[in-house]
Each structure stands twice: as C-alpha cells, then as structure tokens.
Amino acid sequence: GGRGSCSVAMQTAINAAVAKGVPVVVAAGNDNEALANEMPANCSNVIRVVASTYEGTRAPYSNYGSSAAPATIAAPGGAGSDGADVNDWILSTWNFGSQSVGTPAYAGMVGTSMAAPHVAGVAALLKQLDPSMSPAKITDYLTGSATAMSSCGSTTCGAGVLNAARAVAAANATTALANLQKPSITGTPEVGATLSTKGAGATGATYSYQWLRNGSEIAGANASGYTVNTDDLGTQLAVTVTATIAGKAASKTSEPVSVTAKPVGDLAVPVITGTAAVGRRLTTTGTGLDGAQYSYQWYRSGVAISGATASGYLITGPDLGKQLSVQGTATLAGESVA
C-alpha cells in the first residue's frame, strides 16, 4: 500500500472482485498511524488487517483503525524488535540469492504484510469448506471466532486476533447443522404408550429434545421418549429436536400426531371375584383402557339392580337362585365403552 486516498480505479477493482465472490484482504500498513491515511486499507469493501504480537497486543509499527476506517481483524505480524527473541518474527520462505536465485531458506520477517496472509489463508480454508461462501459470510466467520484483545479495542484492532481453528470449526458447525433432519415420531399416540424420536443428520452434534402439546412446551418433557397421559387426549403432540455443535445450534420440529383413546376392542370383559352366597360380597374392576374413568351396574338375571352401581355388590335374599352379572363402562375423552 501507500499514502493517499483510495482511487476510483482501486475501489472499482475491489468491488468487482467482491461481486465475483472473492474476499479482498489488505494489510493496514506499518507507519503506526490511522490506516485511513493509506491505500488500499482505506478502501471500502475490504478486510483490514492490523498486526499483532505473540503476546496478543498490537505491534508497535502497525497502523490502526479509526472511526473513518475501522480495522476488521488482527493477525500475527511479528513484534519488530531487534530479533533477539525468535517469537518476535514471522517465519517465512526466503531465498539467499541477492541478484539471482540462490539457496532457498527460511527467514524471519515482520509487518502487516505478514499479518494479512494469515487472514487470507484462513479465508481460503473457509472457501474450501463452502465454495459458494460469500465474502461477507467469510468476514463474519473470521471476526466471530477471533480472540479478543484486552489492550486494543474493536475500532483500533478489529474483532481481535485471528483464530483459524475456531473459524473453521464454526463454518463446519454451520454446514453440519444445515443438514439437520426433521424428526419423526415413532409409537402409537394413545394414553399409556411411549413415543420416541431421535436427532439425525448433523454429524458430531449433541441433541436435546422438547415435547409439545398443541404447540406449547410440556414441562419436564425433555427426553427422547415421552409417555402419553390423559392430559394429551384430544390434543396433538410434536417434538422439537435441537442440535448443538461448537456453540451453534439449530432446531427442527416434527409433524404433530393426534392422541386418541385406545380402540373399543381393548376394553376387557369384567371379571367377578368372590363367593356367590347371601351375605358375601362380590367385586369387579375395569381393565383395558389406561386413564379411563369406570362406572358399574350390577344385574339380577339380566335386570338392573337399583342402586347397585359400585365395583362391589353385597348379595341379599332376593338374589337366591338368580344369576348375577355386572357391566363395566369406561369413559375416555368424552367417549364411553361398556
């Protein structure tokens, strides 16, 4: 870069690149002044990179952002000291030839020109994960995953120091979460039955669950399985599955299922227990429909016995020589079965 304002030609070129899906990464410059004074760092539509030291502070030579042209992010650029500490430098490929090709080697360098390639490299990793990823989305991943700098604010140094691992993990998480499948419910939606579901599609995710009754959350129903109860009769049940990866989450909700009473055929024929003798008590119980309310009617030789509507019946003199029976009626969701 160089001193001066962003030229029309440079801005036009940058805009054309970004329009083609190419992020433009620029070095802030090495004059320890506001980067708004140097081009192309002061152009619009670019990722402005200031240099950080290995301690996570702004390098003393690095230009910095201002309100006129805030920095986007920081990245390792070397400290620019006398080189006594190897950590002060950015190791790069080099060649010892002075006028022609010589011995290849590595050498330590410093500057925002060392910082910007770190950012461009991570941008390339993100683009490899998703070739359709826009420059704006790449910038979001870079800045959203950066390590905050306690000694340098967001205007001056941007979102913080570049963090390649977190940026790639965040992009991977987004891709995985985009594959989260809509859950399905297995099991028969009737009182007493257990419904189940599971999360699928988001590789590497942890899953959580929330069951819904008519679209509202059921308190405490946070497991992959749910046992239907009488409160659910006549309602619709669904489940929301949430997948979480690297701090990011996505949710999808199943199609609802309607809860009905068990079929009529599930009501068992009542059984009478006890000794059939005057002064003894006979009893019966309703069975077969979980959650139903039961009522009873005792009969003497097919004729209803007045007032004999409990589950138990005390045999009296008029019952001698007669046949006793009982009818059980189950009421569930406003419907009755006898």
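The residues packed around ALA74, meaning those with a beta-carbon under 11 Å from its beta-carbon, carry a net charge of +2 if Lys and Arg are +1 and Asp and Glu are -1. For the chain, averaging the sequence separation of C-alpha pairs within contact (under 8 Å, six or more residues apart) and dividing by the residue count gives a relative contact order of 10 percent. Mean silhouette area of the range 1-139, derived from the convex hull of its C-alpha atoms and averaged over all directions, reads 10.1 nm². Remark on the range 41-81: hydrodynamic radius 10.6 angstrom, per the Kirkwood mean of 1/r across alpha carbon pairs. Rolling a 1.4 Å probe across the protein heavy atoms gives the range 144-276 an accessible surface of 50 Å² per residue. Quick check on the range 71-138: take the gyration tensor over C-alpha atoms, sort the square-rooted eigenvalues as a ≥ b ≥ c, and tell me if it's rounded (a/c under 1.5), prolate or oblate. It comes out oblate by the Cα gyration axes.
Counting other Cβ atoms within 10 Å, keep those with at most 15, restrict to DSSP loop, and tell me which chymotrypsin sites (Phe, Trp or Tyr not before Pro) in the range 94-180 are left.
Numbers: sites: TRP94, PHE96, TYR106, TYR141; in loops: PHE96.
Those satisfying the criteria are PHE96.
A quarter of the convex hull surface defined by the alpha-carbon atoms of the range 208-325 gives 10.6 nm² as the mean projection.
Below 8 Å between Cα atoms, with a sequence gap of 6+, how large is the relative contact order for the range 155-249 in percent? Don't jump to the answer; show the numbers that get you there.
Working: 150 pairs, mean separation 29.4, N = 95.
For the range 155-249, the relative contact order is 31 percent.
Return the single residue from ALA304, ALA74, ALA120 with maximal mean-square fluctuation; model: Gaussian network over the chain, springs between Cα atoms under 10 Å. Taking springs between Cα atoms under 10 Å, the residue moving most is ALA304. Using a cutoff of 8 angstrom between alpha carbon atoms and counting only pairs six or more residues apart, the relative contact order for the range 102-214 works out to 17 percent.
Within the chain, antiparallel bridges make up roughly 85 percent of the DSSP beta bridges whose residues both belong there.
Using the Cα atoms as the points, what is the convex hull volume per residue of the range 79-225 in Å³? Don't jump to the answer; show the numbers that get you there.
Values: hull volume 32.6 nm³, N = 147.
Hull volume normalised by residue count: 222 Å³.
Taking the protein heavy atoms of the chain in the context of the full set of protein chains, the accessible area attributed to carbon and sulfur is 53 percent at 1.4 Å.
What FRET efficiency comes out for the pair SER224/THR285, r = Cβ-Cβ distance, R0 = 41 Å, nearest 0.05? Walk me through the numbers before you get to the answer.
On the way: r = 34 Å, r/R0 = 0.83.
Computed FRET efficiency for SER224 and THR285: 0.75.
Express the accessible area of the range 1-120 per residue in Å², computed with a 1.4 Å probe while the remaining protein chains stay in the model.
Values: 6070 Å² over 120 residues.
Here the per-residue accessible area is 51 Å².
Among THR285, THR203, THR227, the largest mean-square fluctuation in a Gaussian network model of the chain (Cα springs under 10 Å) belongs to THR285.
Across all Cα atoms of the chain, the radius of gyration (one decimal) and Dmax (whole number) stand at 37.8, 129 Å. Backbone geometry of the range 62-76 corresponds, through the Karplus equation with coefficients 6.51, -1.76 and 1.60 at θ = phi - 60°, to 3J(HN,Hα) couplings of 5, 5, 9, x, 9, 4, 6, 8, x, 5, 9, 6, 10, 8, x Hz, x marking Gly and Pro.
The values are calculated or read from the model by the stated rules, or taken from the named source; none is laboratory data. This one's a predicted model, so the numbers in the text were calculated from it and none came from an experiment. Heads up, the Cβs are rebuilt from the backbone with ideal geometry, glycines too, and the neighbour counts pull from every protein chain shown. To get the accessible areas, we keep the full protein, side chains included, count just its heavy atoms, and leave off ligands, DNA and RNA. Shrake-Rupley method; radii C 1.70, N 1.55, O 1.52, S 1.80 Å.
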